[in-house]
1. Hey, among the residues in region 1-42 that are modelled with pLDDT of 85 or more and in contact with a strand residue (DSSP E or B) (Cβ under 9 Å, 6 or more places away or on another chain), which one's farthest from GLN83 (Cα to Cα)?
2. Let me confirm something: among VAL103, VAL97, which residue is surrounded by 11 or more Cβ atoms within 10 Å (Cβ to Cβ), at negative phi and within 15 Å of the chain's Cα centre (by Cα)?
3. Could you list, in sequence order, all residues of region 67-87 that are within 15 Å of the chain's Cα centre (by Cα) and hydrophobic (A, V, I, L, M, F, W, C)?
4. Pull up region 43-59, narrow it to residues that are crowded, with 17+ Cβ neighbours inside 10 Å and touching a helix residue (DSSP H, G or I) at 6+ places or on another chain (Cβ under 6 Å), then point me to the one that is farthest from GLN87 (Cα to Cα).
5. What are the residues in region 73-93 that are of a type in the set (A, V, I, L, M, F, W, C) and either in contact (Cβ under 8 Å) with a residue 60 or more places away in the chain or closer than 14 Å to LEU51 by Cβ (or both), if any?
6. Applying the selection to region 17-31, what residues are within 9 Å of the chain's Cα centre (by Cα) and hydrophobic (A, V, I, L, M, F, W, C)?
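The values are calculated or read from the model by the stated rules, or taken from the named source; none is laboratory data. Computed from a prediction, not measured in an experiment: that's the story for all the values here. As a convention, Cβ positions derive from the backbone with ideal geometry for all residues, glycine included, and neighbour counts pool all protein chains shown.
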Amino acid sequence: MAQTEKKGGLLRKSSASKKPLKEKVVLMYDEIFTTEDPSKCNPRFWEELFLMKVNLEYLEGKLEALDGEELMKIKDNINCLFQHCIQALGEDHPIRVVNALQVPK
């Protein structure tokens, strides 16, 4: 019998023939962990990110898995993440504020 997986941002019932679906926020985190600017293809990337519930477990795991060299390759995106967290704190939208507060924990 298939079991629903929620750990690590997975959403689909596990089965041998299908890949698990990931939460949209997890997919967006994965974009941050590339060397490309995530807002290059989606100008509203940062606005959308802070409207979604933070998956702190996944985000912390991604950060902890990086070595120094990998971290240096994506430092601009990490800096952008924290810069946009700070900007979101000044917004009137309470969901963005709450989610921005949870990211740097």
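1. Of the residues in region 1-42, the ones modelled with pLDDT of 85 or more are 22-42.
Subsequent filtering for residues that are in contact with a strand residue (DSSP E or B) (Cβ under 9 Å, 6 or more places away or on another chain) retains 22-23, 26, 30.
Working: LYS22: 25, GLU23: 23, VAL26: 19, ASP30: 18 Å.
Applying the filter and picking the extreme gives LYS22.
2. Working: VAL97 fails: within 15 Å of the chain's Cα centre (by Cα).
Going through VAL103, VAL97 in turn, just one is surrounded by 11 or more Cβ atoms within 10 Å (Cβ to Cβ), at negative phi and within 15 Å of the chain's Cα centre (by Cα): VAL103.
3. Within region 67-87, ILE74, ILE78, CYS80, LEU81, PHE82, CYS85 meet the criteria.
4. First pass over region 43-59, keeping only residues crowded, with 17+ Cβ neighbours inside 10 Å: 45-46, 49-50, 54-55, 58-59.
From what is left, the residues that are touching a helix residue (DSSP H, G or I) at 6+ places or on another chain (Cβ under 6 Å) are 46, 49-50, 54-55, 58-59.
On the way: TRP46: 10, LEU49: 13, PHE50: 11, VAL54: 16, ASN55: 20, TYR58: 23, LEU59: 19 Å.
Top of the filtered list is TYR58.
5. Here is the first cut: in region 73-93, the ones of a type in the set (A, V, I, L, M, F, W, C) are 74, 78, 80-82, 85-86, 88-89.
CYS85, ALA88 - these are the residues of region 73-93 that are of a type in the set (A, V, I, L, M, F, W, C) and either in contact (Cβ under 8 Å) with a residue 60 or more places away in the chain or closer than 14 Å to LEU51 by Cβ (or both).
6. Start the filter on region 17-31 by keeping residues that are within 9 Å of the chain's Cα centre (by Cα), which leaves 24-31.
Across region 17-31, the qualifying residues are VAL25, VAL26, LEU27, MET28.
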